[in-house]
Amino acid sequence: MPSWKLVSGLFLLGVGALVGLFAILYTQVEIPDPHDSARRQATVYYWADGSRMVSVGDVNRQDIDLSQVPESVQEAVVAAENADFYSDWGVSVKGIARAALSAAKGGETQGGSTITQQYVKNTYLTQDQTVSRKVRELVLSLKVSNQRSKSEILEGYLNTSWFGRGAYGIQAASYAYYGVPAKDLNPSQGALLASLLKGADSYDPSISPANHRRAVDRWSWILDRQVETGSMSPEERARYQEFPEPKPPVKPTSQAGQIGYLIDIANKYIKSHSGITDRDLAGGGYRVHTTFEKDKVRALTRAVETVRADRLDPRKRAADRHVEVGAASVRPGDGAIVAVYGGSDATKHFTNNADTSGVPAGSAFKPFVYAAALEAADVSEENPEPARPLNLGRSLVDSDTSPFVEVGKKIGLRKVRALAVASGLREESMAKLEPTFSIGTSTPSAVRLASAYTTFVNGGQATEPYSVTRIERNGVEVDGFDRPGKRRVMDRKGASLVSEALLEVGLAAVTPPGDRKPAHYPVWAGRTGPNDHMKSAWFIGVTEKLSTSVTMFRTKPGVPHLLPMRGVGGPGSERGSAFPPLIWNAYHEAVTPSPGLHLQKPETFS
């Protein structure tokens, strides 16, 4: 065993070597020129055919003096991000330890930076989480802290930080969220903007209900934290009990019509399949190749607008007011999202109706109950004999509700939920497991329903919907965007039985009364109907080339729940359920190139 003298000597030698190395780095590393925001490149999105869709990413930044930022806002930022800012050396000891440990392991490091470090990263470096960049950040932070005042550093940090909504800096953020210059922000608004520094993707309250909850919690914590740090009195804190709701986000005019909704879907996919953030995308330089097909997006938009104009009259019928439509079209073979209709205009209607949960599926959910019942009965190609549980195929065609409630109770609602999620519906869109669960109280998006229905006609194999085929930056392709593969979620025989029932539903939907031959092509379909009492109308139709879902519902700004559908479109509209099939048919008439297909067995898709 080595003696304690040898061990301590080696330790001191190692420490001395590190100190010496750091001293060399400190003398050799110079503070570079700041980034030139004007040289930032836009992020360009492309249609599926390779043509340019839109260019996004002009830098929205307005530098201001620290004197134009209220002290309460400065204090909120310091309390939230770096309470020891005015007394630290500009670096985090924990950050240094993490960098050293990561370097020893040959890995990467991240997080826990001081305001000075974040300012250095924003101003002089990249957002990469490599060890070399982190070490350079630490050295530059020490130099900047020694050469500049805390006021200069805080001013630079507030002017370069990302706040979401395309806004760099506190001035741009103040206009983006509250429509006022930074000097007019009150302490409550300042606390909300300070919360965004933790990550606008997660804390912009307009993005989702979950974001809103996180934003409220952090806003409240920051105000409490200011009391703890002595920058706000308890009496002043007591005045700010109501959350300062920001104004709705405004999209640039280049994202008008459906473009903004397409970008929204593409960006969600990018963020979920890579380390790329909204800030990275806003920083620019990316080339995003999507699955969206220009002609189909236009055809879907025309179909919605034509049916609305022909069938709805909001000036004469109160029930026709506040009507919204969402739609999505997916390729059954691979899950590519080729078209969506997210609303009237992404620059005016900010919620993406095609990719937002909140609209109950109603009877459109029943095929998943039927499939789960077949799985529970062990129906398979090897065991095809058991009768359909409670004859659910016939009940599905006849829009009968009670058998599905009974079967859900019998097999267990957890099995129904598990199969629906495995088919592609999101867990968070699933409703409570109550008896009505089987008749569609869950709220999947149009994109997810269009994709999940392909499971039945693909022989029980599900494919994750996707919207981006590849991304390049500086000529280098970004990893993580391989085409999703298929996964088996139900037996082929069970999927075939569900498909047979859906084929009969589709036949009735696209066939004129008295004619038992389909007008153009076989359609496997699910829909809501006259027996549904949900506040929504759905039609999902699958052909050999496309799976398209259409939903119609009513929502009014400021009203937290959906409005009733009774009376929409006048008598005979079946609570609006007559309209989604009309939209679907108008769209498919425009984009399906080869009419005259013959009825085929569902197995032809697999």
Subset of segment 257-273 [open to solvent by 30 Å² or more (accessible area, probe 1.4 Å) and not in a helix (DSSP H, G or I)]: His273
Evaluate the following for Ser594: is it surrounded by fewer than 13 Cβ atoms within 10 Å (Cβ to Cβ), at pLDDT below 90 and in a loop (DSSP other than H, G, I, E, B)? yes
Residues in segment 533-554 that are open to solvent by less than 10 Å² (accessible area, probe 1.4 Å) and modelled with pLDDT under 85: how many? 0
Sort through Asp217, Asp201 and tell me the only one that's part of a helix (DSSP H, G or I), open to solvent by 10 Å² or more (accessible area, probe 1.4 Å) and under 28 Å from Tyr86 (Cα atoms). Asp217
Answer residue from segment 427-440, given it is open to solvent by less than 40 Å² (accessible area, probe 1.4 Å) and not small (Gly, Ala, Ser) and is nearest to the chain's Cα centre (by Cα) among those: Met430
Considering segment 287-311 alone, what residues qualify as being surrounded by 22 or more Cβ atoms within 10 Å (Cβ to Cβ) and farther than 17 Å from Ala346 by Cα? Val288, Thr290, Thr291, Ala303, Val307
Quick one: how many residues across segment 409-421 are small (Gly, Ala, Ser) and either at pLDDT below 95 or surrounded by fewer than 19 Cβ atoms within 10 Å (Cβ to Cβ) (or both)? 2
Looking for whichever is out of contact with any strand residue (DSSP E or B) (no Cβ under 9 Å at 6 or more places or on another chain) and open to solvent by less than 30 Å² (accessible area, probe 1.4 Å) here; the options are Phe350, Phe404, Phe365. Which one fits? Phe404
Collect the residues in segment 553-564 that are out of contact with any Ser or Thr (no Cβ under 7 Å at 6 or more places or on another chain) and among the hydrophobic types (A, V, I, L, M, F, W, C), keeping them in residue-number order. Val559
Only one of these is touching a residue at least 60 places away in the same chain (Cβ under 8 Å) and not basic (Lys, Arg): Val416, Val407, Val447. Name it. Val447
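The values are calculated or read from the model by the stated rules, or taken from the named source; none is laboratory data. This is a predicted model, so every value here is computed, not measured. Cβ coordinates were reconstructed from backbone atoms using ideal geometry, including for glycine residues, and neighbour counts include every protein chain displayed. Protein only, heavy atoms only, side chains kept; ligands, DNA and RNA dropped before computing areas. Shrake-Rupley method; radii C 1.70, N 1.55, O 1.52, S 1.80 Å.
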